[in-house]
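Structure record follows, encoded as structure tokens.
The values are calculated or read from the model by the stated rules, or taken from the named source; none is laboratory data. Keep in mind that what you see is a predicted model, and the values were worked out from it rather than measured. Using ideal geometry, Cβ is built from the backbone for each residue, glycine included, and neighbour counts are taken over all protein chains shown.
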Amino acid sequence: MAQACRVLSVSRAGYYAAKKKTKYATICTTSVHLKAVFAESPQTSGSCRLLTEMHKKGMQIGRYKIRRLMREAGLVPV
């Protein structure tokens, strides 16, 4: 890792920041879709129902990732 950063003239902090940024971009699009599906429901859908709806729309995502994204976005079913 350190040798690769030295050869590429990149700081270790810069490497990890770029890695985190690319990971965040994929989660961001998923969370936008999740928020849209949650808004379409009467906001009573939990992770199981949202999982079903996301799969119907062709998105491949796991239940626990949905739970984590719901927690991060503050989506709480009534």
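A few comments on the model shown:
- Among residues of the stretch 9-45 being aliphatic (A, V, I, L, M) and farther than 17 Å from Ile66 by Cβ, the one that is modelled with the highest pLDDT is Ala13.
- Here Val78 meets the list (1) exposed (fewer than 10 other Cβ atoms within 10 Å of the Cβ); (2) in a helix (DSSP H, G or I) almost entirely, failing just condition (2).
- Residue that is farthest from the chain's Cα centre (by Cα) [pool: residues in the stretch 34-64 that are part of a helix (DSSP H, G or I) and buried (at least 16 other Cβ atoms within 10 Å of the Cβ)]: Glu53
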